[in-house]
Amino acid sequence: MPLPDNQIKDEISQRWDVSSVTYDDHDGHGIKSTEEREAWKEVFTKVIPAGSSEVLDVGCGTGELSLLLAGMGYSVTGLDLSEKMLEKAKAKAGAGGMAIKYDIGDAENPPYEDNSFSAVFNRHVLWTLPNPGNALLGWKRVLRPGGRVMIVDGVWDDGTLDSRMRRLASEVCTLIVERKNPWKGFYSKELRSSLPNAGGTPLGKAKGYLNAAGFRNVGSMDLMHIREVQRKNMPLRDRIRYNYEYYLVFGDK
């Protein structure tokens, strides 16, 4: 049975509070090389419309890409539900001398005035939302006319035997090599049952959310070249499972 919305958000917040301690250590979260940093910059240069200034990073986590965007000259606001994630983000911004504004709040209902930002970005957020359709409407509301939403997501568990075996092999290797419980901190079964995209969001479905919210010029960019850069620095146990659809999808208000 799906959980009540407030309980869902509480569990999500608690889970990412715990994860904040090691979040940047995981491949695909923290940027591990100059090559990866430059690859992300190239993507942003291509998809963020010219003349954009204020960018909202929804579900910013530890602020890894907030920092990168700020370094590219954008005025960045980061939003996250986890206080511990934001503590990490603020510390990194301070150490880097970046004037990034960080707020705690719900990604599905961003606490900002209408037409506040010229771009809204998020990475690895769509899959963890109980009401992704509502979230797209919220992101559209805070965008200025002509502004663009940009979403990075993928599918890491499509339910196939290949997917399940890859994850199991990776988790067993983690258990043996790192002597850590790879299942610690996973979402509960009850929470997963309340998330329509708990195994990741297929590209076609993500585009459907944008179209349903009334975004125009919906398009996408394959990000497997970034995944390949990330895989260069991964141990074998992680490379086994990082072999899934990875993309950026966008649309204009």
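Every read-out reported here was derived from the displayed coordinates using simple, explicitly stated rules and does not represent laboratory data. Predicted, not measured: the structure shown is a model, and the values here were computed from it. Heads up, the Cβs are rebuilt from the backbone with ideal geometry, glycines too, and the neighbour counts pull from every protein chain shown.
Given R₀ = 22 Å, what would the calculated FRET efficiency be for Asp17 paired with Glu38, taking r from the Cβ atoms and rounding to 0.05?
On the way: r = 32 Å, r/R0 = 1.44.
Rounded to the nearest 0.05, the efficiency is 0.10.
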*Based on the Cβ-Cβ distance of Tyr187 and Ser116, what FRET efficiency does E = 1/(1 + (r/R0)^6) give at R0 = 30 Å, to the nearest 0.05?*
0.45
*Please report, in Å, the Rg and the Dmax of the range 14-105, where both are computed over Cα atoms only.*
12.8, 38
*Want the number for Ala198 to His26: 0.36 nm per residue separation, take away the alpha-carbon distance, what's left?*
60.0 nm
*May I ask for log10 I(q)/I(0) of the range 1-61 at q = 0.15, 0.23, 0.28 Å⁻¹, from a Debye sum over the Cα atoms as equal point scatterers with solvent left out?*
-0.73, -1.02, -1.17
